[in-house]
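The values are calculated or read from the model by the stated rules, or taken from the named source; none is laboratory data. Please read all numbers here as calculations on a predicted model, not as lab measurements. Reconstructed Cβ throughout: ideal geometry from the backbone, glycine too, with neighbour counts over all protein chains shown.
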Protein chains: 2
Amino acid sequence: MENVNYLSVVEEVMQQIKSTGAFLVVKSKVDKKINLMTIGWAAFGFMWRKPIMTVMVRKSRFTHHIIEKASSFTVNIPTNDLEEALNFCGTKSGRDFNKFKECNLSIIPAQKVDTPVINLQGFHYECKIVYKSILNPDFLCQEYKEDVYTDNDYHTLYFGEIVACYKTIS
Amino acid sequence: MENVNYLSVVEEVMQQIKSTGAFLVVKSKVDKKINLMTIGWAAFGFMWRKPIMTVMVRKSRFTHHIIEKASSFTVNIPTNDLEEALNFCGTKSGRDFNKFKECNLSIIPAQKVDTPVINLQGFHYECKIVYKSILNPDFLCQEYKEDVYTDNDYHTLYFGEIVACYKTIS
């Protein structure tokens, strides 16, 4: 396990998220339920004087149901081939499947947050949720509405302060 | 002028924005008024299947007044020493000063958007505004409220699709 500066790997990590995806893990503080989903979109920045990672979850998702009761999330970006698992977790719902079991993925405790990380070879971001923004279609351009939201299933944006960032070799 | 991939320079650009700042330029579509301000916060991501840069402007700012009537913005990150100009544009208002004149900065037309870029040596991002989010303090963590918003002067977040990104040598 090697701690890394979140900016020093941001190019590699963003390319990976864009091309093959990453696992977003969430855990409810109420019933301790854990779920994961595949994300292909994210943002990294420096906002409010803090390192921030932003993820987006549609209202219909089981992950949305859980993250609404969470205070943190983790993003796990595999650097080895987990394409099948990424596909499965991007298309199946945690309401119907135990995705960890189906994909042979195991979790381990995070360093700084309550939500676990996935035991995989790659990058791990531990984020404390500091802000959320429910997407308001009134302020979204028409093109994106037509491209992304024909079903009106809008995203909520979750802004997480990056409290730990490291690379693991399985 | 050299076109660059927005991700390939994101580490350098974010470090620059964090440490010395960058110029955000806005132009009203109504009266064509142009203003600039210094920003020290920003985010880069891949959202809605597009490269996105996010900037934040407080409601009290003259720049806010203008960007609310704009469809684009540019961010100009100097790589030579413009510390004095960055300080001036971060502390003085365009209501009171012609900041371009005071700082000896000139503008040139952008490639893809209506808002000009600054004629300086560095990186230039041209962004089409695709979404804005008015910060809702109800969803912000208490720590950030106390650190950043004791005056209740909240930011609006402007999400810009990056339509051009290049590096200039003066």
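For B:Asn35, the criteria (1) touching a residue at least 60 places away in the same chain (Cβ under 8 Å); (2) crowded, with 20+ Cβ neighbours inside 10 Å; (3) within 28 Å of A:Val148 (Cβ to Cβ) hold in every case but one, which is (3). Would you say A:Ser93 is in contact with a Lys or Arg (Cβ under 9 Å, 6 or more places away or on another chain), of a type in the set (S, T, N, Q) and surrounded by fewer than 21 Cβ atoms within 10 Å (Cβ to Cβ)? The answer is yes for A:Ser93. Selection of first residues in the range B:107-121 that are of a type in the set (Asp, Glu) and of second residues that are modelled with pLDDT of 95 or more, restricted to Cβ pairs under 6 Å at least 6 apart or on distinct chains, gives the following pairs, ordered by first then second residue: B:Asp114/B:Ser72. Inspection of the range B:9-23 identifies at least one residue that is under 10 Å from the mean Cα position of the chain (by Cα) and more than 12 Å from every other protein chain (Cβ to nearest Cβ).
Return the residues of the range A:38-48 that are more than 7 Å from chain B (Cβ to nearest Cβ) and within 29 Å of B:His155 (Cβ to Cβ); say none if nothing qualifies. Within the range A:38-48, A:Ile39, A:Gly40 qualify. Do we have any residue at all in the range B:81-89 that's within 14 Å of chain A (Cβ to nearest Cβ) and of a type in the set (A, V, I, L, M, F, W, C)? Within the range B:81-89 (the criterion being within 14 Å of chain A (Cβ to nearest Cβ) and of a type in the set (A, V, I, L, M, F, W, C)), the answer is no, since none of the residues qualifies. Taken over the range B:51-67, residues that are in contact (Cβ under 8 Å) with a residue 60 or more places away in the chain and out of contact with any helix residue (DSSP H, G or I) (no Cβ under 8 Å at 6 or more places or on another chain) amount to 10.
Within the range B:149-170, restricting attention to residues that are closer than 27 Å to A:Pro137 by Cα and not in a strand (DSSP E or B), the residue that is farthest from the other protein chains (Cβ to nearest Cβ) is B:Asn152.
Please verify whether B:Pro109 is surrounded by fewer than 20 Cβ atoms within 10 Å (Cβ to Cβ), under 19 Å from B:Met56 (Cβ atoms) and not hydrophobic (A, V, I, L, M, F, W, C), treating the condition exactly as stated. Walk me through how you get there before you give the answer.
Working: surrounded by fewer than 20 Cβ atoms within 10 Å (Cβ to Cβ): yes; under 19 Å from B:Met56 (Cβ atoms): no; not hydrophobic (A, V, I, L, M, F, W, C): yes.
No: the conditions fail for B:Pro109.
What's the number of the condition A:Ile107 fails, among (1) more than 14 Å from chain B (Cβ to nearest Cβ); (2) in contact with a helix residue (DSSP H, G or I) (Cβ under 8 Å, 6 or more places away or on another chain); (3) closer than 17 Å to A:His65 by Cα; (4) at pLDDT 95 or above? The single condition A:Ile107 does not satisfy is (3).
Here A:Asn98 does not qualify as within 9 Å of chain B (Cβ to nearest Cβ) and surrounded by fewer than 19 Cβ atoms within 10 Å (Cβ to Cβ).
If we scan the range B:124-137, do we find a residue that is touching a strand residue (DSSP E or B) at 6+ places or on another chain (Cβ under 9 Å), surrounded by fewer than 22 Cβ atoms within 10 Å (Cβ to Cβ), of a type in the set (Ser, Thr, Tyr) and within 30 Å of A:Ile39 (Cα to Cα)? Within the range B:124-137 (the criterion being touching a strand residue (DSSP E or B) at 6+ places or on another chain (Cβ under 9 Å), surrounded by fewer than 22 Cβ atoms within 10 Å (Cβ to Cβ), of a type in the set (Ser, Thr, Tyr) and within 30 Å of A:Ile39 (Cα to Cα)), the answer is yes, since at least one residue qualifies. From the list A:Lys27, A:Lys69, the lone residue that is modelled with pLDDT of 95 or more, among the charged types (D, E, K, R), within 16 Å of the chain's Cα centre (by Cα) and buried (at least 20 other Cβ atoms within 10 Å of the Cβ) is A:Lys27.
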